[in-house]
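Encoded as structure tokens, the structure appears first; notes follow it.
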Amino acid sequence: MTTATLETWKEISEAAYRDLENAVGEENVSREPAVLDGYAWQPTINDDPAKWVKRPVAVVLPSSTEEVQEVVRVCNRHGLKFKAFSTGWGVYSGPTYDNVVQIDLRRMNRILDIDEKNMYALVEPYVCGAQLQAEAMKRGLNCHIIGAGPACSPLASATSGWGVGWDGIYMSYGHRNLLGAEWVLPSGELLRVGSCDSGLGWFSPDGPGPSLRGLMRGSTGALSGLGVFTKCALKLYPWPGPGRVNIKGLLLDAKAEIPENVRFHMCFFPDRKRLADAVYRMGEAEIGYLATRTAVAAFIYTFAPHLLRRIAGTRALRDVLSKGTKWVFVIMLVGATEEEIEYQDAASWPITTGSP
Ligand SMILES: Cc1cc2nc3c(=O)[nH]c(=O)nc-3n(C[C@H](O)[C@H](O)[C@H](O)COP(=O)(O)OP(=O)(O)OC[C@H]3O[C@@H](n4cnc5c(N)ncnc54)[C@H](O)[C@@H]3O)c2cc1C
């Protein structure tokens, strides 16, 4: 059986392990090789689909900010590094060095507040996009979900990594939706960023004083290199659709009832320039709720790389992927009223057909 990269791996010291047990409770820490290898198997978006990352020395499952702080202090005392893991979609949440304690935040899974009036939600790291969206939609609201999908953590992408998604045309990207964060620094100290630190609620990520958002995250995120975020407030947006979308079936066989005020268009363009022009014009017309340029071949490469290699060997299928679907995007329109959806539909027509 293949296991994690082990050339330089060493067991955690007894003293450090005991301190971790004291921090989170015996049942919430493990150094079992099989458990650790579960975290080291991180194939998604790795050059080689069979790649492992470094095996952590231990995994801990804290349940509160105080426990996260204590784990970070234990790591500092014993010369260990740490790596946070919220929902763990992809290789970036796995250890890339030796002597790393994996901090798995799955026990911190609560939506702490949905403030309907001020349109934001306060969430913990393991709240996933689907969970937050389901609750928000019941209140006529919606949240930004990254393109990696609704199983990912909105906190992770808003505070620590990337954050782009199909709904960005309407709801911007992760970092721009952050309205404050609770941050365990690499020293173990706690910092609250934004208006929440002045006891004024979670409505602004900046001030009084200079903004720390650039430092804590920048454009791409520190990927847990600057500590651990234990809660954050995220902006919510209007959702004029039903409180619950009726879906029958599972996965690829699922069928959803499309609400009257929602329209989809799949638009094919002959070249890059005409696709780019259409996207600019969509922005200028301020229409659209969700839009994506779907790279069909990239999706197949990610989930079925061997299949893509086989397709590349056939002329007809390769042409469909490389030419037929090269300059295509899908746009979803949502209107708050019948008149609005009619307007959006009418405005999108000349744009998506390339008419003047
Ligand atoms: C197939 C695929 C598609 C993708 N598509 C997109 C996309 O469309 N848009 C996009 O933005 N990204 C995308 N990514 C990139 C990336 O995988 C995700 O943005 C990210 O991994 C989201 O995963 P997650 O929410 O489960 O967070 P995690 O994987 O848990 O964490 C993401 C990063 O943030 C760090 N982190 C997590 N939680 C915390 C915390 N509480 N405190 C401090 N650091 C933390 C982790 O160590 C890790 O480095 C994609 C990745 C894959 C594999």
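Determine if the stretch 68-87 includes at least one residue that is without any contact (Cβ under 8 Å) to a residue 12 or more places away in the chain, over 12 Å from Ile12 (Cβ atoms) and not assigned by TED's automatic domain parsing to the domain that holds Pro125. Even if it seems obvious, please write down each step before you answer.
So the first thing to find is which residues in the stretch 68-87 are without any contact (Cβ under 8 Å) to a residue 12 or more places away in the chain, and the list is none.
No; the residues of the stretch 68-87 include none that is without any contact (Cβ under 8 Å) to a residue 12 or more places away in the chain, over 12 Å from Ile12 (Cβ atoms) and not assigned by TED's automatic domain parsing to the domain that holds Pro125.
So Leu141 ticks every box in (1) farther than 25 Å from Gly90 by Cβ; (2) in contact with a Gly (Cβ under 9 Å, 6 or more places away or on another chain) but one. Which box is left unticked?
Status for Leu141: all satisfied but (2).
I'd like the full set of residues that are assigned to a helix (DSSP H, G or I) and either among the small types (Gly, Ala, Ser) or near the ligand (Cβ under 6 Å from one of its atoms) (or both), limited to the stretch 161-174. Quick ask: steps written out before the conclusion?
Restricting attention to the stretch 161-174, the residues satisfying the condition of being assigned to a helix (DSSP H, G or I) are 168-171, 174.
Those that are assigned to a helix (DSSP H, G or I) and either among the small types (Gly, Ala, Ser) or near the ligand (Cβ under 6 Å from one of its atoms) (or both): Gly168, Gly174.
Of all residues in the stretch 65-121, how many are of a type in the set (Asp, Glu), within 16 Å of the ligand (Cβ to nearest atom) and either assigned to a strand (DSSP E or B) or buried (at least 17 other Cβ atoms within 10 Å of the Cβ) (or both)?
Going through the stretch 65-121, the residues of a type in the set (Asp, Glu) turn out to be 66-67, 70, 98, 104, 113, 115-116.
Checking the rest, the ones that are also within 16 Å of the ligand (Cβ to nearest atom) come to 66-67, 70, 104.
Now restrict to residues that are either assigned to a strand (DSSP E or B) or buried (at least 17 other Cβ atoms within 10 Å of the Cβ) (or both): 67, 70, 104.
Count: 3.
Kindly indicate whether Leu215 is closer than 24 Å to Arg73 by Cα, touching an Asp or Glu at 6+ places or on another chain (Cβ under 9 Å) and not acidic (Asp, Glu).
Details: closer than 24 Å to Arg73 by Cα: yes; touching an Asp or Glu at 6+ places or on another chain (Cβ under 9 Å): no; not acidic (Asp, Glu): yes.
When the stated conditions are applied, Leu215 does not pass them.
How about the stretch 132-160: which of its residues are closer than 15 Å to Leu234 by Cα and within 8 Å of the ligand (Cβ to nearest atom)?
Ile146, Cys152, Ser153, Pro154, Leu155, Ala156, Ser157, Thr159, Ser160, listed by residue number.
Based on what the data block shows, is Ala278 in a helix (DSSP H, G or I), more than 24 Å from the chain's Cα centre (by Cα), under 26 Å from Gly149 (Cα atoms) and of a type outside the set (S, T, N, Q)?
Details: in a helix (DSSP H, G or I): yes; more than 24 Å from the chain's Cα centre (by Cα): yes; under 26 Å from Gly149 (Cα atoms): yes; of a type outside the set (S, T, N, Q): yes.
So Ala278 passes the test.
Inspect all residues belonging to the stretch 211-226 and state whether any of them is without any contact (Cβ under 8 Å) to a residue 24 or more places away in the chain and near the ligand (Cβ under 10 Å from one of its atoms).
Among the residues of the stretch 211-226, at least one is without any contact (Cβ under 8 Å) to a residue 24 or more places away in the chain and near the ligand (Cβ under 10 Å from one of its atoms), which makes the answer yes.
Looking at Phe299, Phe229, can you tell me which residue is closer than 23 Å to Ser93 by Cβ and part of a strand (DSSP E or B)? Before the answer, list the steps.
Values: Phe299 fails: part of a strand (DSSP E or B).
Sole residue among the options that is closer than 23 Å to Ser93 by Cβ and part of a strand (DSSP E or B): Phe229.
When you scan the stretch 254-261, do you find a residue that is modelled with pLDDT of 90 or more and under 23 Å from His144 (Cα atoms), even just one? Walk me through it before giving the result.
Taking the stretch 254-261 as the starting set, the residues that turn out to be modelled with pLDDT of 90 or more are 261.
Okay, now just the ones that are also under 23 Å from His144 (Cα atoms), so 261.
Yes, that holds for at least one residue.
Within the stretch 305-347, which residues are under 30 Å from Ala285 (Cβ atoms), touching a helix residue (DSSP H, G or I) at 6+ places or on another chain (Cβ under 7 Å) and either aromatic (Phe, Trp, Tyr) or modelled with pLDDT under 85 (or both)?
Correct list: Thr325, Trp327, Phe329.
Which ones in the stretch 244-260 are out of contact with any strand residue (DSSP E or B) (no Cβ under 6 Å at 6 or more places or on another chain) and in contact (Cβ under 8 Å) with a residue 12 or more places away in the chain? Show your work before the answer.
Narrowing the stretch 244-260 to residues out of contact with any strand residue (DSSP E or B) (no Cβ under 6 Å at 6 or more places or on another chain): 244, 246, 250-253, 257-260.
Residues satisfying the conditions are Arg244, Glu257, Pro259, Glu260.
Within 30 Å of Ser348 (Cα to Cα), out of contact with any strand residue (DSSP E or B) (no Cβ under 9 Å at 6 or more places or on another chain) and modelled with pLDDT of 85 or more - does that describe any residue in the stretch 229-236?
Looking through the stretch 229-236, none of the residues is within 30 Å of Ser348 (Cα to Cα), out of contact with any strand residue (DSSP E or B) (no Cβ under 9 Å at 6 or more places or on another chain) and modelled with pLDDT of 85 or more.
The values are calculated or read from the model by the stated rules, or taken from the named source; none is laboratory data. Just so we're clear, the structure is a prediction, and the values are computed from it rather than from any experiment. Every residue, glycine as well, gets a Cβ built from its backbone with ideal geometry; the counts of neighbours run over all protein chains shown.
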